[in-house]
Structures are given as C-alpha cells and as structure tokens.
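The values are calculated or read from the model by the stated rules, or taken from the named source; none is laboratory data. Just so it is clear, the structure is predicted and the values come from calculations on it, not from any experiment. We place every Cβ from the backbone using ideal geometry, glycine too, and count neighbours over all the protein chains shown. Accessible surface areas use protein heavy atoms only, side chains included; no ligands, DNA or RNA. Shrake-Rupley method; radii C 1.70, N 1.55, O 1.52, S 1.80 Å.
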Amino acid sequence: MSSSELWYAKYRPHTLDDFVWRDENTKNKLTEWIREERIPHLILSGPYGTGKSSMAMLMAEVLELESSDYLFINASINTGIDTIRTDIIGFCENAGWSGQRLVVLDEADRLSTSAQDSLKGVMDEYGDDTRFIFTSNHIHRISGALKSRARTIMFDVMDSDNFVTKLCDIGIAEGVLDIEDETQAEVIEQIVDKTYPDLRKGIDLLQDCVVDGSVSPLSNTSEAEATWESIVSDALVSESGVIPLRDMLASIPVSEMEKIYRYLYQNIPAIYAEDDKSKGNDAVIAIAEYMDMNSRSAFPDITLAALIIKLSRL
C-alpha cells in the first residue's frame, strides 16, 4: 500500500460482514436482496460519516459488477440536469456485461430540483436492468417522486464504543498505536471528542496525528485548518468569510447546528462592545428569530448562514 493512501479509503469494508452495522435487520434485508439478485432502488440517508457512501460502493463490490456496469457520481459537485442527460442516460443506454448496472449518486440531496425531476423518467425507463442508489445527509431534500421509487434505509450514528474500537483497530493495524501508552490513549480520546460521530473525519484525523511512525498529540493544524468556531468568527468580522462559512455549514450535520446558535448567543459580549447594548439586544432577537425559522427550514444551513451574515452587519 502507498504510504500516502488515505486510511479511510484503505479501510473501507469489502464484505457485508466488514461493515459496522447498527441494525441487524438492515443487514439481513440487504443480504437477502443481494442473494436473490432483486435489489431495489435505494436511498441511504443519515448523518455525515455513518457509512452511507461506503455501503453504496460496497454494493457494487458484492454484486461483482464490471467497471463498465458501475457509475459513481458525486452529486455535491455535479448538481445540474446536464449530469443526468449526459452522464447517466449515456451510461444507461450502453449495454453492460454483467446483465445489471448500478448508478450511485453520492450526496444526492445536493441535486437541483430540475435534476431530481428528470431522474424520475430515467429510473422508470431504465429501471429493469439499472438500479439507482442515492446517499443523502438530509432526507427532506430528496423529492417525494424519488422517495416513492426507492426504499429508504436510515443510517444511525455508530455507538461511541464501536467508534473508539474502529480507530484503535486501524491504529494497531498500521503499527502506530500502543493502547497501553497513556499519552496515545489520550490522543484517541481527543480525536473522539472532536469528530464523533463522523468516523471518516475521525480516521482522517488519526492519520494526521502520526509523526515518525507513531500517534502523537494533536497539533493546532491536525484538524481541518479551521474549526467551525474560527470560521464563524471570521464571518462575523469580515464578509470575506462567507464562502468558507457556506462550505462549512453545508458539511456539518443539522443536529450540530444547535451548537452554533448557542455559541453565537454565549459570545454576544465578545462580539459587540459592552457600551453598544443595542447591538447586543438586536443580536439576541435575531438569533431567536432565526432559530424559529430554522425549525421550519428545508435548508437549515442557508438559514444559519443568513443569521451569521446579518449579525456581521449589525
């Protein structure tokens, strides 16, 4: 293996038994579908880092598909209808070697409305020998038409003990972790505190902590250069922070956004001068209003971004 290989990719599951399951019934159902060769269209939905993409790619592997019969599209990058017309329809129209084809649209909740609408006809026309698997972090952003054509499987967060075990297993397999070493054990705890329940992020951070062939204490740059706290702070003082703010909010689970509202509320005294009480009062009102809007919003990341931008302009 290349020393530069990403561990998260290296340790992806290659069999259904390798996958860390939260629900044995789901495992049994998928196993049955594969054994009987009657896999339906699927929507795999849940928080970031819970194994949705790994499962989608694993399906292609256990089905033993030829590379010509498998299409993987990152829908967070290819969001428009041209992707459907050019890439997917072109793929579906070409006869495969294995008798079945699989299209995976990763982060399909980022697809535009028109792209999702166009997929209805594609699934209907080519559904006899082509299966579609959609992964989604926000199930409410998937159109009802697609939901009606696919089975939805919800992925829950991994148990924290299994999360720790997985990190330790990888560290031991790579020969960089001694679980009896108290310093290294503390590093594992810090990684869990920073990344749970996102296993992908946890594995990446573990790899970043390896120095001279051994797990070492976290450095200031071990994590993605800036945490959400620093990105939010930058956005509050400069509109140049809007782009990283948008990208950061789009990448975190909705369940984590409550922490940002709390962070904003608790840091009002630091954001606004003590002698400018009117701005502080306006900020509290805005936070309350946007929290209420967030509870009804189809796109919570956009609502929260709008609040932060508003606070930066008070």
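Here are a few things to note about the model shown:
- Within region 31-47, being open to solvent by less than 20 Å² (accessible area, probe 1.4 Å) and in contact (Cβ under 8 Å) with a residue 24 or more places away in the chain holds for 39, 42, 43, 44, 45, 46.
- Taken over region 196-232, the criterion of being in a helix (DSSP H, G or I) and either among the charged types (D, E, K, R) or at pLDDT below 70 (or both) is satisfied by 200, 201, 204, 208, 229, 230.
- The set of residues in region 128-141 that are surrounded by fewer than 22 Cβ atoms within 10 Å (Cβ to Cβ) and under 19 Å from residue 76 (Cβ atoms) comprises 138, 139, 140, 141.
- Every condition in (1) open to solvent by less than 80 Å² (accessible area, probe 1.4 Å); (2) modelled with pLDDT of 75 or more is met by residue 259 except one, and the failing one is (1).
- Residue match in region 10-25 (condition: in a helix (DSSP H, G or I), open to solvent by 20 Å² or more (accessible area, probe 1.4 Å), of a type outside the set (Lys, Arg) and in contact (Cβ under 8 Å) with a residue 24 or more places away in the chain): no
- Candidate set from region 1-31 (those that are farther than 21 Å from residue 156 by Cα and not aromatic (Phe, Trp, Tyr)); member that is modelled with the highest pLDDT: 10
- Flag if residue 205 is closer than 17 Å to residue 50 by Cα, in contact with an Asp or Glu (Cβ under 9 Å, 6 or more places away or on another chain), open to solvent by less than 30 Å² (accessible area, probe 1.4 Å) and not basic (Lys, Arg): yes
- Cβ pairs under 6 Å, 6+ apart, first in region 128-153 and closer than 22 Å to residue 249 by Cβ, second among the basic types (Lys, Arg): 135/52
- Considered as a group, the residues in region 97-127 that are assigned to a loop (DSSP other than H, G, I, E, B) and not hydroxyl-bearing (Ser, Thr, Tyr) include one that is most open to solvent (accessible area, probe 1.4 Å), and that residue is 97.
- Of all residues in region 163-173, those satisfying the criterion of being among the β-branched types (Val, Ile, Thr) and either surrounded by 13 or more Cβ atoms within 10 Å (Cβ to Cβ) or touching a residue at least 60 places away in the same chain (Cβ under 8 Å) (or both) are 164, 165, 170.
- Whichever residue in region 48-91 is part of a helix (DSSP H, G or I) and over 21 Å from residue 150 (Cα atoms) and, among such residues, is least open to solvent (accessible area, probe 1.4 Å): 90
- Lone qualifier among 148, 160 - being open to solvent by 20 Å² or more (accessible area, probe 1.4 Å), farther than 27 Å from residue 104 by Cα and of a type in the set (S, T, N, Q): 160
- Residue among 176, 192 that alone is under 18 Å from the mean Cα position of the chain (by Cα), open to solvent by less than 40 Å² (accessible area, probe 1.4 Å) and either under 19 Å from residue 12 (Cα atoms) or not hydroxyl-bearing (Ser, Thr, Tyr) (or both): 192
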